[in-house]
Every structure is written in structure tokens, then in C-alpha cells.
Amino acid sequence: MGKHEKLLLKILSGTSNASIQFEDLCGLLRHLGFDMRIRGSHHMFRKEAVMEKINLQREGNIAKPYQVRQVRNVLVKYKLGGAVDV
């Protein structure tokens, strides 16, 4: 199991919202085909066929827990987790 799959499992399980590394979360979204745009401290992610914009801001080296939950909701809604089972 690769790095992205492990992170995806961690996010989808919902048990580690406060310990997801910001750079890892950004890397996962890029790996899943999201386009990233940075404006100031905001890292915005868009993907065709996904209505929601994902807007992330770092809190030190960690992603903000509520933003990890938002990412999880988008991944589940659009079934972007692939074959990963929780």
C-alpha cells in the first residue's frame, strides 16, 4: 500500500482529523486529479465534475481538522476513494 492509499484510509476512517500533515493532504488532492491554485495562505483545489471548491489553510505543518472533514465529505460524495475500503 502506497503513501497516498495510507493517507486516504486515514482520512476516510475519520479518526485522525487533527494529525494530517498539510503537505500530505495537498499532495493527495493533486494525486486525485485536483488542480491547485495558491492565493496568499489559501490553497484552493478544483476538479472537473466536482461542484465544491476545497480551500485549505495550514495551521503550522498540520491541516485544520474541519478542513480534513470537508475533504472527506467530498471524497465520499464523489466516490474519489477508489478501491480503498474503510
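A few remarks follow.
- Between Asp35 and Thr15, the FRET efficiency from the beta-carbon distance, with R0 = 25 Å, is close to 0.30.
- Extension gain for Tyr66-Glu48 works out to 4.2 nm (0.36 nm per residue, less the C-alpha to C-alpha distance).
- Note on the chain: the C-alpha convex hull projects to 5.2 nm² when averaged across all orientations.
- Of all accessible heavy-atom area on the chain, the percent that carbon and sulfur account for (1.4 Å): 50
- The chain, accessible area per residue, ligands and nucleic acids excluded (1.4 Å, Å²): 62
The values are calculated or read from the model by the stated rules, or taken from the named source; none is laboratory data. What you see is a predicted model; the values in this text were computed from it and never measured. Every residue, glycine among them, receives a Cβ derived from its backbone with ideal geometry; neighbour counts consider all protein chains shown. Ligands, DNA and RNA are excluded from the accessible area calculation, which covers all protein heavy atoms including side chains. Shrake-Rupley method; radii C 1.70, N 1.55, O 1.52, S 1.80 Å.
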